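Here the structure comes first, spelled out in structure tokens, and everything after it is commentary.
The values are calculated or read from the model by the stated rules, or taken from the named source; none is laboratory data. This one's a predicted model, so the numbers in the text were calculated from it and none came from an experiment. Counting neighbours? That spans all protein chains shown, and the Cβs are built from the backbone with ideal geometry, glycine included.
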Amino acid sequence: MPIQSRLPDVSTSIFAIMSKMAADNSAINLSQGFPDFQVDPVIIDLVHHYMKAGHNQYAPMPGTPALRNAIADVIHKTYHYNVDPETEITISAGATEALYAAIAAFVHPGDEVIVFDPSYDSYNPAIRLNGGMPIHINLQYPDFSINWDEVKSRVTSRTRMIMVNTPHNPSGAVLTAHDLKQLESLAEEHNLIVLSDEVYERIIFDAIRHESVLHYPNLAKRSVAVFSFGKTFHATGWKVGYAVAPKALTREIRKTHQFITFSVNTPVQLALAEYMQTPAHYENLGAFYQQKRDYFLQGIKGSSFEPVACHGSYFQSLSYATISSKPDRQMAEELTIKHKVASIPVSVFYHDKTDNRLLRFCFAKSEQTLDKAVGILKKL
């Protein structure tokens, strides 16, 4: 039967490709973004507790009240922003589902959505699957900053949404207060919805404040902020995230969410709600990962790799420009197969395949894993 693909140019994710290549070649996997250390036994025990207590049926579509209340409390403490857990928080099957549900809720056929490259690989397909047109604008290399004059010149009468990501994957760059003010002004002037991917909100370094859209009340009124428990609590396989948005926006997001996922597994939601009652479980995450970033950077000192400034996320991009002129994808494959360290070529995050000869490495790993990897990298 002939099949007309809706995504004819999309193949298997680069993350799956590089992880399989790492496994096939017994390489150290610093490609896909997941920790190789254990989840806190406390939350494991809590999940088990709620399973044993019989909380194994469907949760309410928006999420359990306990978890939404816990999130509202944390948001108030963190951003001094009051959010109604009943009407403004929706629990999703990971941040990717929250992003998709928001795009499906607001993007109509022919609408334009501004996306900054390099960008996470789900953004473009989600927009296109809902009939939208992604408008890709490249961040300025090497600091991966936004040229707001260029952004203003790309806004048209069809622009419906603008997507931002801070701390940024893959670069580790973070938006500044100036960026958020520019974003707020632009969104208000053109009546745009802002979709803010903030899954690494807790993984930010160097005493920098995370500039969430929730810090800016006028911006928050027209924004959907998306977060991830998987990133915060080292449990990416649980696939639990959430969207925070004003009541009118949340109402529409829930309409799409209920037909994409409906609800997220109950025992993990209840465990997360209880686990979040202890602020130390999430407040020290930045320091924890900064130590890993610094350990990785110290390890590659003296090598031919040049690090790009990383102020957040758990990814460090390294330039290999002084080592080879090969395209980054070829370099990533060679590094995996021949030298046994897997990374992600940064060009795959660009719509136009811009190649700055950068490889992205995940440092959310044990020191033993990082030691093995940097030992190899320093020899190149």
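Quick rundown of the values:
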item	result
Test result for Gly131, of a type outside the set (S, T, N, Q), over 24 Å from Ser13 (Cα atoms) and not in a helix (DSSP H, G or I)	no
Criterion: assigned by TED's automatic domain parsing to the domain that holds Ala22, of a type in the set (Ser, Thr, Tyr) and crowded, with 22+ Cβ neighbours inside 10 Å - qualifying residue of Ser317, Ser366	Ser317
Top-ranked residue of segment 53-65 - restricted to ones that are touching a residue at least 12 places away in the same chain (Cβ under 8 Å) and over 28 Å from Gly33 (Cβ atoms), ranked as surrounded by the fewest Cβ atoms within 10 Å (Cβ to Cβ)	Gln57
The lone exception for Gln4 - which of (1) at pLDDT below 95; (2) within 30 Å of Lys372 (Cα to Cα) it fails	(2)
Selected residue (criterion: surrounded by the most Cβ atoms within 10 Å (Cβ to Cβ)) from residues of segment 24-50 that are more than 24 Å from the chain's Cα centre (by Cα) and over 24 Å from Asn265 (Cα atoms)	Ala27
Phe288 in the same structural domain as Glu367 (by TED's automatic domain parsing), more than 17 Å from Val83 (Cα to Cα) and either aromatic (Phe, Trp, Tyr) or in contact (Cβ under 8 Å) with a residue 40 or more places away in the chain (or both)	yes
Some residue of segment 330-341 being of a type in the set (A, V, I, L, M, F, W, C) and in contact with a Phe, Trp or Tyr (Cβ under 7 Å, 6 or more places away or on another chain)	yes
Subset of segment 214-227 that is free of Cβ contacts under 8 Å to residues at least 40 places away in the same chain and not hydroxyl-bearing (Ser, Thr, Tyr) - its residue that is surrounded by the fewest Cβ atoms within 10 Å (Cβ to Cβ)	Asn218
